[in-house]
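Heads up, the thing below is written out as structure tokens.
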Amino acid sequence: MPTILVINGPNLNLMGTREVEIYGTQTLDAINRELERLAESRGVHIEFFQSNHEGELIDRIQAARGRAGCIIINAGALTHYSIALHDALRAVELPVIEVHLSNPYAREDFRHRSLVSPVAVGGVFGLGSLSYRLAVEAACELLARMG
Ligand code: DQA
């Protein structure tokens, strides 16, 4: 069964309690349960990983090589400056879908640059938890095309 790996970076474990006017009231756990149901309905296996530590995220990305079919990632603030994360995503040669709850381009200048985008096939941002659901839909479609 094809596998989607959903990765969340720093502070996304605080979802539901952190700056709710920007990030919404849904917890990461609640979102993941929805994504699980969605993937199941499409016959796709889905795995989740969250860490506040750059190195742990890189280890998980490297471990996905040859095992996952697609990576969905919200790298949090690391999106904007982590060359190491960029390199890891490039190295594993898997389709990457970038996700953000908020619209980084409508926020501070330092959020306007993404080091994930250049290694992503596409992205969804600004739609709250719907960003993740649409990313899973897209990942299922990509996996089906890849056969
Ligand atoms: C975020 C946007 C980032 O700029 C921020 O640092 C986050 C969350 C989002 O999902 O909107 O932690 O990735």
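The values are calculated or read from the model by the stated rules, or taken from the named source; none is laboratory data. Bear in mind that the values here come from a model prediction, so they are computed numbers and not experimental data. Cβ sites come from the backbone with ideal geometry, for glycine too, and all protein chains shown count toward neighbours.
Out of Ala88, Ala84, I need the residue that is buried (at least 17 other Cβ atoms within 10 Å of the Cβ) and away from the ligand (no atom under 13 Å from the Cβ). Which one?
Numbers: Ala84 fails: buried (at least 17 other Cβ atoms within 10 Å of the Cβ).
Exactly one residue qualifies, and that residue is Ala88.
Taking the range 131-145, which residues are surrounded by fewer than 17 Cβ atoms within 10 Å (Cβ to Cβ) and within 11 Å of His100 (Cα to Cα)?
Within the range 131-145, no residue meets the criteria.
What are the residue pairs meeting all of these: first residue in the range 60-82, first residue within 10 Å of Val92 (Cα to Cα), second residue modelled with pLDDT of 95 or more and within 10 Å of the ligand (Cβ to nearest atom), Cβ atoms under 9 Å, and 6 or more apart or on different chains?
Sorted first by the residue in the range 60-82, then by its partner, the pairs are Ile61/Ile73.
Among what's in the range 52-76 and is aliphatic (A, V, I, L, M) and part of a helix (DSSP H, G or I), pick the residue that is surrounded by the fewest Cβ atoms within 10 Å (Cβ to Cβ). Outline the logic, then answer.
If we filter the range 52-76 for residues that are aliphatic (A, V, I, L, M), which is where we start, we get 57-58, 61, 63-64, 68, 71-73, 75.
Still in the running and part of a helix (DSSP H, G or I): 57-58, 61, 63-64.
Details: Leu57: 26, Ile58: 19, Ile61: 25, Ala63: 13, Ala64: 21.
It comes out as Ala63.
Would you confirm, using the coordinates I've provided, whether Ile31 is closer than 20 Å to Arg111 by Cβ and buried (at least 17 other Cβ atoms within 10 Å of the Cβ)?
Details: closer than 20 Å to Arg111 by Cβ: no; buried (at least 17 other Cβ atoms within 10 Å of the Cβ): yes.
No: the conditions fail for Ile31.
What are the residues in the range 65-81 that are within 16 Å of the ligand (Cβ to nearest atom) and not β-branched (Val, Ile, Thr), if any?
Asn74, Ala75, Gly76, Ala77, Leu78, His80, Tyr81
From Thr27, Thr17, which residue is away from the ligand (no atom under 12 Å from the Cβ), under 22 Å from Gly128 (Cβ atoms), without any contact (Cβ under 8 Å) to a residue 12 or more places away in the chain and not basic (Lys, Arg)?
Details: Thr27 fails: without any contact (Cβ under 8 Å) to a residue 12 or more places away in the chain.
Exactly one of Thr27, Thr17 is away from the ligand (no atom under 12 Å from the Cβ), under 22 Å from Gly128 (Cβ atoms), without any contact (Cβ under 8 Å) to a residue 12 or more places away in the chain and not basic (Lys, Arg), namely Thr17.
Pick from the range 102-141 the residues that are touching a residue at least 60 places away in the same chain (Cβ under 8 Å) and under 10 Å from the mean Cα position of the chain (by Cα): which of them is nearest to the ligand (Cβ to nearest atom)?
Tyr132
For Ala30, state whether it is among the aliphatic types (A, V, I, L, M) and out of contact with any Leu (no Cβ under 7 Å at 6 or more places or on another chain).
Judged against the criteria, Ala30 is a match.
So, in the range 37-51, of the ones that are over 15 Å from the mean Cα position of the chain (by Cα) and hydrophobic (A, V, I, L, M, F, W, C), which residue ends up surrounded by the fewest Cβ atoms within 10 Å (Cβ to Cβ)?
Step one: list which residues in the range 37-51 are over 15 Å from the mean Cα position of the chain (by Cα), which gives 37-38, 40-45.
With the extra rule that they be hydrophobic (A, V, I, L, M, F, W, C), the set shrinks to 38, 44.
Working: Leu38: 17, Val44: 19.
Among those residues, the one meeting the criterion is Leu38.
Out of the residues in the range 91-101 that are in contact with a Phe, Trp or Tyr (Cβ under 7 Å, 6 or more places away or on another chain) and free of Cβ contacts under 8 Å to residues at least 60 places away in the same chain, state the one that is farthest from the ligand (Cβ to nearest atom). Quick ask: steps written out before the conclusion?
Step one: filter the range 91-101 for residues in contact with a Phe, Trp or Tyr (Cβ under 7 Å, 6 or more places away or on another chain), giving 99-101.
When the remaining residues are screened for being free of Cβ contacts under 8 Å to residues at least 60 places away in the same chain, the result is 99-100.
Working: Val99: 7, His100: 4 Å.
The extreme case among them is Val99.
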